[in-house]
Amino acid sequence: MRGTRKYKHIIDTPDPGKWELAGYEESLPISEKSNPITRELDKADVNTLVQLLRNCDAEIFQEEDETIINYQRLYSESILKTIMDIAKKVQQIIENPDEGLIVLSGCGTSGRLAVLLANSFNRLMRGLHQSPCYTYIIAGGDRSIVTARESTEDDPVRGQEELQKACEGKKKVVFIGISCSLSAPFIAGQLDFCMKNLDVFLPVLVGFNTVSMARNDRIEGWNFTFRQVAEQIQNIQDTQRAFVLNPAVGPEGLCGSSRMKGGSASKILLETLFLVAHKASSKVEVTEKCLLEILRTYERAHKVTYSHSKKIAALLKQSATSLQKSGHLYVIGWGTLGLVGIMDAVECVPSYNADWQDVRGFIYEGYRTLENKEGDLTPLISTKKMIPDPIVITWPILFLEYEGAFIQTFQRELSSKWVLDTVTAGAHVLKGKIYRNFIVDFTICNSKHFQRAVCVLQRLSGHPQSRCTEALLQSIYGEQTLTEQMRNAETSQHIRAAAARDKVLPVAIVSLLRNCSVVEARTRLESSESVRAAIESSHNVPGRKRGAESVETAGRSR
């Protein structure tokens, strides 16, 4: 494999971020670090918001800097080689589709991306008069395409059952498990099943942390941690019987929100990989230069998208004004662009503790056009009455060769995703749901979110993990004095209890910062103009020290 030096370029992005330096929040995985670019995101105006989030997205394409930590980046030789190696395995399935299958699986946004990619490449194959060989698995089933069902990602056994069902009768399966933070038990279960059946399965783990940063906490009702499974895959990668594809793309603009940069990077990686495989199956010689040219198309899409930053900022401002006045943001798209809109809208519910009606996505001609496995999800929706004055975003049509037309479609989807990510994230910043670049009012609906909530409490208050966990449980149960049963319950019980309460994390934050009861903290939140304002005023209480800037005591939350 030739190196990238011959094709080396310098993308117009900020200098490599502080997050790459040794010691920066070293106890945290990359996906949970706070991005230095957006440190003061909550104080930015709309134009600055767009530029800051643009700069975070641009980090996807930055090349590794050998003078800093040697994280593998998208253009690293090792990553390019891994893409090529996996593409060869995918090619074998494409050329023998009757006995083989390519399975994409994920939870939340990763699962919706699995739906989008599987259907897109099946469509490409049908257009080339080939037998489709892609399928998807999304944690929680097809209902999770249009509704947030975050708790379903905590079940590794269900993941295994869904994989067995999808692959019944197949002799060779390339399984691609997408877990941006290397944390989802649902995916860990599937990867473990593949590792126990390597005669049929080729497991591929896609994420954006190093394996050493994978989640290592006990999974309820299971014998392994995610990291243990990931290490098993990494240990046999040299044999090409399993792969980990995990370039570092930098922390999210909103800390931990992997639906944004993680989702975009997953789309770029997998579409590039599949396009390379399809070109090879068409007897086109696929070289490193060809691979890089495909990646560059996504780079150009980034530049084109953010060349319209002023228009994006105007849309962001209008959307934020609507949400601040208890209005709504409706996104309607045609074909796959509709699914991109749904992906963004659905994630607003758990990400910002938003009402399901705040941001909604629609597909022109109804959800029946999703091509999902379980059939029409809802009746045809009339959008004319719901959206009387839509804002329309269009792209020019270029007539290219068949596969080239798909590349253009992929660029449009990614461009739409970047616009919508920026608009909805920025709108919730302006609504007061973000403090610095931490989301401080998200729904605690799975074990990852529970741990993230404890970590946010540590980072904002400077208190040890035990005290922050206690404050979170006090907020969840609404009790200042916790019983032993509450303290010793499994995380799944805490999550079920949290579902019955609003603003669990904000109450815990204010309670810690002011050293007050959860009842008083809730009263202060209710009288404040926003969650952010309540936290800011609590930080500024006379005599109080500023929250810890480092997270050395924060533990390894994933």
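Would you tally the net charge around Lys310, using a Cβ to Cβ cut-off of less than 13 Å, leaving Lys310 out, and scoring K and R as +1, D and E as -1? All intermediate terms of the calculation are to be shown ahead of the outcome.
Numbers: positive: Arg54, Lys311, Lys317; negative: Asp45.
For residues surrounding Lys310, the net value is +2.
Round to a whole number: what % of the accessible area of the chain belongs to carbon and sulfur, probe 1.4 Å? Write down the numbers at each step before the final one.
Details: 11220 of 22710 Å².
C and S fraction of accessible area: 49 percent.
I'd like the antiparallel share, as a percent to the nearest 5, of DSSP beta bridges with both residues in the chain. Working shown, then result.
Numbers: 2 of 28 bridges.
Percent antiparallel among DSSP bridges in the chain is about 5.
Take the Cβ-Cβ distance between Asn223 and Thr48 as r, set R0 to 56 Å, and report the resulting FRET efficiency rounded to the nearest 0.05.
E between Asn223 and Thr48, to the nearest 0.05, is 0.70.
Output the 0 to 90 degree angle, nearest 10, between the alpha-carbon long axis of helix 156-166 and the longest principal axis computed from the alpha carbons of the chain.
Once rounded, the angle reads 30 degrees.
Give the accessible surface of the stretch 210-280 per residue, rounded to a whole number of Å², with probe radius 1.4 Å and ligands, DNA and RNA excluded.
Ligands and nucleic acids excluded, the result is 29 Å² per residue.
Which whole-number percent is the relative contact order of the chain (Cα, under 8 Å, 6+ apart)?
Relative contact order here is 16 percent.
For the stretch 515-529, what does the Karplus curve 6.51 cos²θ - 1.76 cosθ + 1.60, with θ = phi - 60°, yield as ³J(HN,Hα) per residue in whole Hz, taken in order and with x for Gly and Pro?
6, 10, 6, 5, 5, 5, 4, 5, 4, 5, 5, 5, 8, 8, 6
Mind checking the angle between helix 109-127 and the chain's longest principal axis? C-alpha axes, 0 to 90 degrees, to the nearest 10.
20 degrees
Write out the GluC sites (Glu not before Pro) in the stretch 262-351 meeting two conditions: DSSP loop, and at most 11 other Cβ atoms within 10 Å of their Cβ.
Working: sites: Glu271, Glu285, Glu288, Glu293, Glu299, Glu347; in loops: Glu285.
Taking the stretch 262-351 and a limit of 11 other Cβ atoms within 10 Å, the loop GluC sites (Glu not before Pro) found are Glu285.
Report the Cα-based extents of the chain along its three principal axes, largest first, to the nearest Å.
71, 54, 52
Solvent-accessible area per residue for the stretch 401-446 at a 1.4 Å probe radius, Å²?
For the stretch 401-446, the solvent-accessible area averages 20 Å² per residue.
Can you list residues from other chains, or at least 5 along the same chain, whose modelled amide H is less than 5 Å from the amide H of Leu329?
Distant-sequence amide H within range of Leu329: Val359, Arg360.
Pop the C-beta distance of Glu479 and Asn540 into the FRET formula with R0 = 30 Å and round what comes out to the nearest 0.05.
On the way: r = 28 Å, r/R0 = 0.94.
Once the sixth-power term is evaluated, E becomes 0.60.
Write out the trypsin sites (Lys or Arg not before Pro) in the stretch 227-308 meeting two conditions: DSSP loop, and at most 11 other Cβ atoms within 10 Å of their Cβ.
Here the sparse-neighbourhood loop sites are Lys283.
Return the distance in nm (one decimal) between the two label points of a simple spin-label model at Arg296 and Asp502, each offset 7 Å from Cα along Cα→Cβ.
For Arg296 paired with Asp502, the spin-label model returns 5.3 nm.
With r defined as the distance between the Cβ atoms of His308 and Lys373 and R0 fixed at 30 Å, what FRET efficiency is calculated, to the nearest 0.05?
Working: r = 36 Å, r/R0 = 1.20.
For R0 = 30 Å, the calculated efficiency reads 0.25.
Could you give the accessible area per residue of the stretch 43-107, probe 1.4 Å, as a whole number in Å²?
Per-residue value: 38 Å².
Using a 7 Å offset from Cα along Cα-Cβ at Gln164, what residues in the stretch 172-204 end up with backbone N under 19 Å from the label point?
Label zone hits: 172-176, 185-203.
Which angle from 0 to 90°, rounded to the nearest 10, does the C-alpha axis of helix 465-477 make with the longest principal axis of the chain?
With both axes taken from Cα atoms, the answer is about 80 degrees.
Helix-only mean residue ellipticity at 222 nm, the chain, DSSP H runs n ≥ 4 weighted -39,500 (n - 2.57), per residue, nearest 500. What is it?
The helix-only estimate for the chain comes to -15000 deg cm²/dmol at 222 nm.
Enumerate by residue number the GluC sites (Glu not before Pro) in the stretch 51-112 meeting two conditions: DSSP loop (anything except H, G, I, E, B), and at most 11 other Cβ atoms within 10 Å of the site's Cβ. It would help to have the intermediate numbers written out before the result.
Values: sites: Glu59, Glu63, Glu64, Glu66, Glu77, Glu95, Glu99; in loops: Glu63, Glu64, Glu66, Glu99.
Qualifying residues, ordered by number: Glu66.
Using only Cα atoms, locate the centre of the stretch 166-244 and the centre of the stretch 512-527, then give the distance between them in Å, rounded to an integer.
43 Å
Each residue of the stretch 75-90 in order: what ³J(HN,Hα) in whole Hz does its phi give by Karplus 6.51 cos²θ - 1.76 cosθ + 1.60, θ = phi - 60°, with x for Gly and Pro?
9, 5, 4, 5, 5, 4, 5, 4, 4, 5, 5, 5, 4, 5, 5, 5
The values are calculated or read from the model by the stated rules, or taken from the named source; none is laboratory data. What you see is a predicted model; the values in this text were computed from it and never measured. Virtual Cβ from ideal backbone geometry, glycine too; neighbours counted across all protein chains shown. With ligands, DNA and RNA removed, areas are computed over all heavy atoms of the protein, side chains included. Shrake-Rupley method; radii C 1.70, N 1.55, O 1.52, S 1.80 Å.
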